[in-house]
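No lab work stands behind these numbers, since they all come straight from the coordinates. Predicted model only: the values in this text are computed from it and were never measured. With ideal geometry, Cβ positions are generated from the backbone for all residues, glycine too; neighbour counts draw on all protein chains shown.
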Amino acid sequence: MNPRIPRRRSLLLSAAAAGAVIAASVAVVGTAEAASTLGASAAQSGRYFGAAIAAGRLGDSTYTRILTTEFNSVTAENEMKWDATEPQQGRFTYTNGDRILNQGLSNGAKVRGHALLWHAQQPGWAQSLSGTALRNAAINHVTQVATHYRGKIYAWDVVNEAFADGGSGARRDSNLQRTGNDWIEAAFRAARAADPAAKLCYNDYNTDGINAKSTGIYNMVRDFKSRGVPIDCVGFQSHLGTGIDSTYQANLKRFADLGVDVQITELDIEQGGNQANIYGTVTRACLAVSRCTGITVWGIRDTDSWRTGANPLLFDGSGNKKAAYTSVLNALNAGGTTPPVTTPPVTTPPVTPPTTSSPPPAGSGCAATVSLNTWNGGYVASVRVTAGSAAINGWTVRVALPSGGAVTGAWSATNTGTTGTVAFRSVDYNRQVPAGGSTEFGFQGTGAGPAAALVCTAG
Ligand code: G2I
């Protein structure tokens, strides 16, 4: 039997072949073999089923019982946001974010990171910045937080809610947007450099069908893919009312067809006559799209929800399963015909094997090439270090900056000096580069980018 197809599906298929007369007995077998929790039933098709959780509720035993029983993914509802992780500029606090992380990891769950940059829930100091100072602070924030959680986060919402509502399909005005239209791609590049293993997502709401806003995002993702900006996934929050757009599934599919994963990231649905049905429809839509890798509900019990009075979740205030829960579980157990395609998130791994398309520099030693993302007054530099015909054990790249320019942060390398000629030295994990192989590091700076070719020294 194909191990990716749950046993129950095979039985149903053979039952269909044998005729309807035995369908009733097969249904009994199916029920007996169906997974009995959301996480386990989603896992049957290689997907996850997650919940947003709050550190302040982890002492509530009903809450944690449901969490650990039902869900195999968690998202921090607030604890990894900018105001929570960098309340003062350059002073990072991870206590509550780490509680969410550890709760998830110790329970064998995936952890979604939410969210590195957003126009809302910025700390006061960031709200009062603009221009280059804000851009540098934002990129530094991405670098620091993604580095802290490096290797532990399944997917990061790198940028949250950057598009405007309504018919324009344009970016939302915000202090971040006013630093230059390339702020989103600069954030994605910095996140990739800091945590190459995490899937990097763009996340938004009111994108629950084919509409002007989702089309604006679609065009951005298509542009990013065509230019090699590192994006792996798009999150559809899905805070729904009493109806669902008939193009919900088609919208997920068109994004997936761009070559990104799609995820339902903040699902909650207003309680009304159709709540259970709509939950089922959303679940089936994800299962029908091969690159829809999982669903997250935005809270556990109705009383945990940010939508006071809407009762939009799967468990009531006492922790009892609602009809919506049963609808989701049944949809998951009915199975996806299309297990998600799993693609490695890393388009630029820290160390790549030799390739023939980019020949190594002649001789032993190393070479360094830089690509820049610039804006008015600053830049993010991604540097590729390539070994020559011999493996190298340690490298230093010297970068000459124009006068007035300064390095304000670096990742995957340590720098000596910040002005004039700045030396970037390999760190432990990227010191060794095989013959002809390469590794990447990055830095951000003020002023114009490097004034001369980079000089790489091996050893
Ligand atoms: O607004 C719903 C969600 C929309 N998409 C992005 C999500 O990050 C967002 O989550 C909500 C949280 O569920 C709320 O819990 O984001 C809100 C902030 O915009 C969160 O509300 C905040 C309150 O505004 C604060 O007063 C409060 O201190 O929650 C904080 C922690 O309880």
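I need the calculated FRET efficiency for the pair Ala197 and Asn277, taking r as the beta carbon distance and R₀ as 56 Å, to the nearest 0.05. Write down the numbers at each step before the final one.
On the way: r = 38 Å, r/R0 = 0.67.
Rounded to the nearest 0.05, the efficiency is 0.90.
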What is the angle, in °, between the Cα long axis of helix 7-18 and the longest principal axis of the Cα atoms in the chain? Nearest 10 is fine, range 0 to 90. 50
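Could you work out how much longer the chain between Thr215 and Asn102 gets when fully extended? Use 0.36 nm per residue separation minus the Cα distance between them, nm to one decimal.
Contour length minus Cα-Cα distance gives 37.0 nm.
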Quick one: net charge around Gly417, please, counting Lys, Arg +1 and Asp, Glu -1 for every other residue with C-beta under 14 Å from its C-beta. +2
Gap separating the Cα centres of the stretch 190-254 and the stretch 101-139, nearest whole Å: 18
Using +1 on the beta carbon of Lys and Arg, -1 on that of Asp and Glu, and nothing else charged, what's the dipole of the chain about the Cα centre, debye to 20? 880
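Might you report the magnitude of the Cβ-based charge dipole of the stretch 104-198 about its Cα centre, with Lys and Arg at +1 and Asp and Glu at -1, to the nearest 20 debye? Provide the component values of the computation, followed by the final result.
On the way: 10 positive and 7 negative charges, 55 e Å.
So the dipole magnitude of the stretch 104-198 works out to roughly 260 debye.
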For Met80, Met220, what ranking results if the residue with the fewest other Cβ atoms within 10 Å of its Cβ goes first? Met220, Met80
Determine which aspartates and glutamates satisfy two conditions relative to Lys213: a Cα distance under 15 Å, and not lying fewer than 8 residues away in the same chain. Glu161, Asp165, Asp173, Asp204, Asp245
Give, in nm to one decimal, the length gained when the segment between Leu372 and Asn415 is fully stretched (0.36 nm per residue of separation minus the Cα-Cα distance). 13.7 nm
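What is the fewest-to-most order of Ser327, Ser290, Ser246 by other Cβ atoms lying within 10 Å of their Cβ? Kindly include the intermediate steps, with their values, before the conclusion.
On the way: Ser327 21, Ser290 17, Ser246 10.
Ascending Cβ contact count within 10 Å gives the list Ser246, Ser290, Ser327.
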Beta bridges per DSSP with both ends in the chain, % antiparallel, nearest 5: 55
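For Asp165 and Ala453, what does the FRET efficiency come to when R0 = 41 Å and r is the distance between their Cβ atoms, rounded to the nearest 0.05?
For R0 = 41 Å, the calculated efficiency reads 0.30.
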Which three numbers, in whole Å and largest first, are the semi-axes of the equivalent ellipsoid of the chain derived from its Cα gyration tensor as √(5λ)? 43, 26, 20
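Find out how many positive minus negative residues lie around Arg57, taking Lys and Arg as positive, Asp and Glu as negative, among other residues whose Cβ is under 13 Å from that of Arg57. Each step should come with its number before you reach the end.
Numbers: positive: Arg65, Arg99, Arg301; negative: Asp60, Glu77, Glu79, Asp304.
Counting the neighbours of Arg57, the net charge comes to -1.
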Around Ala76, what is the net charge, scoring Lys/Arg as +1 and Asp/Glu as -1 over all other residues with Cβ under 13 Å from its Cβ? 0
Ascending count of other beta-carbon atoms within 10 Å, so fewest first, for Val74, Val385: Val74, Val385
